[in-house]
Amino acid sequence: MKSRYIALPKGVSEKQFSKAIKEFRSILGDENVLVEAEQLAPYTKIMMPVDESEHTPSAAISPASVEEIQAIVGVCNRYKVPVWPISTGRNMGYGSAAPATRGQVVLDLKRMNRIIEVDADLCTALVEPGVTYRQMHDYLRENKIPLWLDPPGSSALAGIVGNALDRGVGYTPYGDHFLFQCGMEVVLANGELLRTGMGSIPNSNTWQVFKWGYGPYLDGLFTQSNLGIVTKLGMWLLPQPPAFKPFVVRFNEEADINKIVETLRPLRIAMIIPNAVVIASALWEAGTFLKRSDYYKGSGTIPDADVHRIMKQHELGHWNVYAALYGSPEQIDVNWKIVNGAFTAAGGEVLTEEYVGDDPVFRYRRDLMRGDMNLQEMGLYNWRGGGGSIWFAPVSQSRGSETHKQMAMAKSILTEFGLDYVAEFIVGWRDMHHIIDLLFDRTDPEQMKNAYACYDKLLDVFAREGYGTYRTNTAFMNKVADTYGTTQKNVNQTLKRALDPNGIIAPGKSGIFN
Ligand SMILES: Cc1cc2nc3c(=O)[nH]c(=O)nc-3n(C[C@H](O)[C@H](O)[C@H](O)COP(=O)(O)OP(=O)(O)OC[C@H]3O[C@@H](n4cnc5c(N)ncnc54)[C@H](O)[C@@H]3O)c2cc1C
């Protein structure tokens, strides 16, 4: 008999599920409980090279308060129905809004979108999960609060809480979002409400200023995990500097990645360059505004000769380093001499806003480095077309030889499967996120197969060389968890069983099941 639902949670009968849905409706109202296929369309779209049916949710529900979430987890425990929490659900390239496994109920927190507090003196904020970067950006502008946000490339569309919980990155000096997070409120699977850090002290006014609290530091347990539903998140905001000097340094050879990183590392560690610098490959740059088919129509990876043609026509480096200086004009003058001197000595072409301010690629990088909204990067989806994208994101030491090795390994595997090396290194202090966008056409079964096999091989080969990935899409979460070994898996499972014995929160997130 055909089911009334487009999917059911694993091990839950239709009858039981209907009872749970009825209870959700009594808590949230009919309009906030979606079960029809067309209503669920936004929650079923994935960009991954697997069938959508593997990630189809059974329903989507949208609470408006902590109390409603507490009532929801009660229902979930009674009927063993799992929920997949999302904040704004724009985790594109990592699984979007769809759950890790078929049949979970998407718990969409978009209606909880209050900016609870911004403290302009302490430069802190406390927000609910549904707050988007755009909303916060506009709030700061409208209220003339001189603080900067740190958005990701998907800026205006995405949300602050979901990004920080997935340990995402941006491009100002506050680029490591979990590092600049401070204090959380979490609904646990048993319905209890935990405030982490200083938030557990009644009447505390230090929740958003001191991260560590007392005893074991718990916030990390609720990132990239399924141990709770985060309902508030504290964060630090960057005071708008009196002066800001963005620049790009272009290097023309692939092997230059080695000297770029050797030049950058000491400048980053000494915080002479304070922001999360990006070293973007030629095809990343090109992909944001060009179509591949205008340059190459053959099969397989785009040949290097065509990449060079694109570089020449559009004045792109093989590597394009985007960084900025922040502070008083005097500080910037001093640091600029150091930075300009170091990159010029390394053979880079150093260009400031006066020369490249009109270039749309420079503009989007500049915007992100000063906390503005910009969606130029969404252009990557037109490079190949067909809506397929997954990020491969291994971590590298900030060392030239290591980045060169990772680049060569990745390029050779991508070429084997006919995919392009569309990549960037995001420079932390001592590490780099090597972000590679596997772009493919989801309507072409051959490309789907290749993209899946390519990602799988990248994981295998990189793990064999000792490289772990920092974040992954929902189709590969188990495999990535395996690369981190049995002990870590066991610890995660022990925590999961203790805090969520019925496995009602996001089973499968980061490969963690009961
Ligand atoms: C062109 C492009 C550029 C991008 N650039 C960047 C970039 O520069 N940096 C970057 O980090 N990402 C980037 N992304 C990836 C992604 O869009 C962002 O990370 C985005 O912020 C994630 O979506 P979200 O903020 O809506 O989070 P959500 O999708 O809401 O959440 C992300 C995940 O966190 C968990 N989660 C969310 N809310 C909760 C909660 N309340 N409680 C418990 N768990 C929860 C869930 O597992 C969820 O899947 C980019 C994507 C695209 C398409």
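The values are calculated or read from the model by the stated rules, or taken from the named source; none is laboratory data. Here the structure is a predicted model, which is why all the values come from computation and not from measurement. When we count neighbours, we look across all protein chains shown, and the Cβ atoms used for this are built from the backbone with ideal geometry, even at glycine.
Please specify each residue of segment 156-166 satisfying the condition of being within 6 Å of the ligand (Cβ to nearest atom) and among the hydrophobic types (A, V, I, L, M, F, W, C).
Within segment 156-166, Ala158, Val161, Leu165 qualify.
Against the test of being farther than 30 Å from Tyr452 by Cβ, modelled with pLDDT under 95 and away from the ligand (no atom under 16 Å from the Cβ), the options Gly357, Gly317, Gly400 yield a single qualifying residue, Gly357. Residues that are within 25 Å of Leu140 (Cα to Cα) and of a type in the set (S, T, N, Q) were ranked within segment 325-374; the one that is nearest to the chain's Cα centre (by Cα) is Asn374.
You will find that of Arg309, Arg370, the residue that is touching a residue at least 40 places away in the same chain (Cβ under 8 Å), out of contact with any helix residue (DSSP H, G or I) (no Cβ under 8 Å at 6 or more places or on another chain) and either assigned by TED's automatic domain parsing to the domain that holds Asn450 or of a type in the set (A, V, I, L, M) (or both) is Arg370 and no other.
Do we have Val187 as over 28 Å from Ile435 (Cα atoms) and within 13 Å of the ligand (Cβ to nearest atom) here? Against the criterion (over 28 Å from Ile435 (Cα atoms) and within 13 Å of the ligand (Cβ to nearest atom)), Val187 qualifies.
With the requirement that a residue be touching a residue at least 60 places away in the same chain (Cβ under 8 Å) and either within 16 Å of Glu128 (Cβ to Cβ) or touching a Lys or Arg at 6+ places or on another chain (Cβ under 9 Å) (or both), what does segment 172-188 give you?
Answer for segment 172-188, where residues must be touching a residue at least 60 places away in the same chain (Cβ under 8 Å) and either within 16 Å of Glu128 (Cβ to Cβ) or touching a Lys or Arg at 6+ places or on another chain (Cβ under 9 Å) (or both): Thr172, Asp176, Glu185, Val187.
Beta carbons closer than 7 Å, at least 6 apart along the sequence or on distinct chains, pair a first residue in segment 120-142 that is surrounded by 18 or more Cβ atoms within 10 Å (Cβ to Cβ) with a second that is assigned to a strand (DSSP E or B) and among the aromatic types (Phe, Trp, Tyr) for Cys123/Trp236; Thr124/Trp236. Being of a type in the set (A, V, I, L, M), touching a residue at least 12 places away in the same chain (Cβ under 8 Å) and in a helix (DSSP H, G or I) is the filter here, so list the residues in segment 31-51 that pass it. Correct list: Ala37, Leu40.
The residues of segment 438-467 that are surrounded by 14 or more Cβ atoms within 10 Å (Cβ to Cβ), more than 13 Å from Gly387 (Cβ to Cβ) and of a type outside the set (Phe, Trp, Tyr), listed by number, are Asn450, Ala453, Cys454, Asp456, Lys457, Leu458, Leu459, Val461, Ala463. Listed conditions (1) among the acidic types (Asp, Glu); (2) more than 21 Å from Arg114 (Cβ to Cβ); (3) crowded, with 21+ Cβ neighbours inside 10 Å are all met by Asp176, apart from (3).
Among the criteria (1) touching a residue at least 40 places away in the same chain (Cβ under 8 Å); (2) outside any loop (DSSP other than H, G, I, E, B); (3) surrounded by 17 or more Cβ atoms within 10 Å (Cβ to Cβ); (4) of a type in the set (Val, Ile, Thr), the one Val480 does not fulfil is (1). Residues in segment 349-392 that are in contact with a Ser or Thr (Cβ under 6 Å, 6 or more places away or on another chain) and small (Gly, Ala, Ser): Gly371, Gly379, Gly386. Leu368 fulfils the conditions (1) within 13 Å of the ligand (Cβ to nearest atom); (2) more than 15 Å from Trp284 (Cβ to Cβ); (3) buried (at least 19 other Cβ atoms within 10 Å of the Cβ) except for a single criterion, (2).
Among strands (runs of 3 or more DSSP E) entirely within segment 82-155, having at least 2 residues that are more than 8 Å from the ligand (Cβ to nearest atom), more than 22 Å from the chain's Cα centre (by Cα) and under 24 Å from Trp207 (Cα atoms) singles out 115-119. Within segment 167-184, can you find the residues that are of a type in the set (Gly, Ala, Ser) and either part of a strand (DSSP E or B) or more than 13 Å from the ligand (Cβ to nearest atom) (or both)? Correct list: Gly183 only.
Is it fair to say Tyr326 is closer than 24 Å to Glu285 by Cβ, buried (at least 20 other Cβ atoms within 10 Å of the Cβ) and of a type in the set (Phe, Trp, Tyr)?
yes
Residue selection: Tyr355 satisfies the criterion of being assigned by TED's automatic domain parsing to the domain that holds Arg292 and out of contact with any strand residue (DSSP E or B) (no Cβ under 7 Å at 6 or more places or on another chain). Within segment 170-191, the only residue that satisfies the criterion of being more than 16 Å from Pro85 (Cβ to Cβ) and among the acidic types (Asp, Glu) is Asp176.
Among residues of segment 213-235 that are in contact (Cβ under 8 Å) with a residue 40 or more places away in the chain and closer than 17 Å to Cys182 by Cβ, those with a beta-carbon under 8 Å from a residue that is near the ligand (Cβ under 8 Å from one of its atoms) and of a type in the set (Asp, Glu) at least six positions away or on a different chain give the pairs Thr223/Asp166.
State yes or no: is Thr472 within 25 Å of Asn226 (Cβ to Cβ), in contact (Cβ under 8 Å) with a residue 12 or more places away in the chain and surrounded by 23 or more Cβ atoms within 10 Å (Cβ to Cβ)? Before the answer, list the steps.
Working: within 25 Å of Asn226 (Cβ to Cβ): yes; in contact (Cβ under 8 Å) with a residue 12 or more places away in the chain: yes; surrounded by 23 or more Cβ atoms within 10 Å (Cβ to Cβ): yes.
Yes: the conditions hold for Thr472.
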